[in-house]
Each structure stands twice: as C-alpha cells, then as structure tokens.
1. In the stretch 92-105, which residues are in a helix (DSSP H, G or I) and under 12 Å from residue 67 (Cα atoms)?
2. Does the stretch 54-71 contain at least one residue that is more than 30 Å from residue 106 (Cβ to Cβ) and not in a helix (DSSP H, G or I)?
3. Only one of 59, 24, 33 is closer than 24 Å to residue 84 by Cβ and touching a helix residue (DSSP H, G or I) at 6+ places or on another chain (Cβ under 8 Å); which?
4. Can you tell me which residues in the stretch 14-66 are under 29 Å from residue 98 (Cβ atoms), over 22 Å from the mean Cα position of the chain (by Cα) and surrounded by 11 or more Cβ atoms within 10 Å (Cβ to Cβ)?
C-alpha cells in the first residue's frame, strides 16, 4: 500500500512500537482485529455522514474514491490493481469513477492532437490510412 508523505512518520512510529509476527498497525479497543462495528463506532460514521447529508455513503465508497484519485493522479491501472489486491484489471476498472472534468480534458487533448496532425504546416503531419 503506498503511503503519502503526510502519514509516513506516523505509520513508521506505530510500526516501531508493534512487535511480533501478529503485530497490527491498527488494533481494536482490546488489541485485536478491528471489526466493522468497532470501526463504525470509533469513527461515529453514522453521525458524521448524516450531519454531512451523505446518509447513503458507505465506508467502502472511500476505497473507490482513493483509487479514483490515484488514477486521476496518473497511477497506471495495473498498479492500482496491485494496490487494491484485485485479481483482474476489470475489477479495478469498476472502482474508477472519472469526473466530468477529466473526461472533458481527454476530449480537448484528442482534439488538439488531431488538429496538429491534420495541418500540413504542423509538426508530425502524415496521412493515416
């Protein structure tokens, strides 16, 4: 899992404190695995999403958002597949939700490319058959 600069020191410190083969980066209140219920209660998920007006939002949606942001940042889909632990690129691609701006930018880039190729005065002019 890639770590952004902002949390590297925090994670490194936590890993230095953990010991043994069963050590966990994050633990529940009794030191074991974090269950869905513990996570929901610890983050006050239901209260927070209700206050924000996003009652329909699920924690798993944050996984989609993170992968989409990494894709928007230019991380190749085959790398995202490894990060997500997916068995296929098809599964990973279902997680990616491109925003309207990136779709419009792709169209603009294609138009610029095609305009440059059609112009006999432009660089790289050639007839494509």
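Just so you know, all these numbers are worked out from the coordinates, no wet-lab data involved. These numbers come from a predicted model, not from an experiment. A quick note on method: Cβ atoms are made from the backbone with ideal geometry, for glycine too, and the neighbour counts reach across all protein chains shown.
1. 92, 93, 94, 95
2. Yes, that holds for at least one residue.
3. Of the residues listed, the single one that is closer than 24 Å to residue 84 by Cβ and touching a helix residue (DSSP H, G or I) at 6+ places or on another chain (Cβ under 8 Å) is 59.
4. 50
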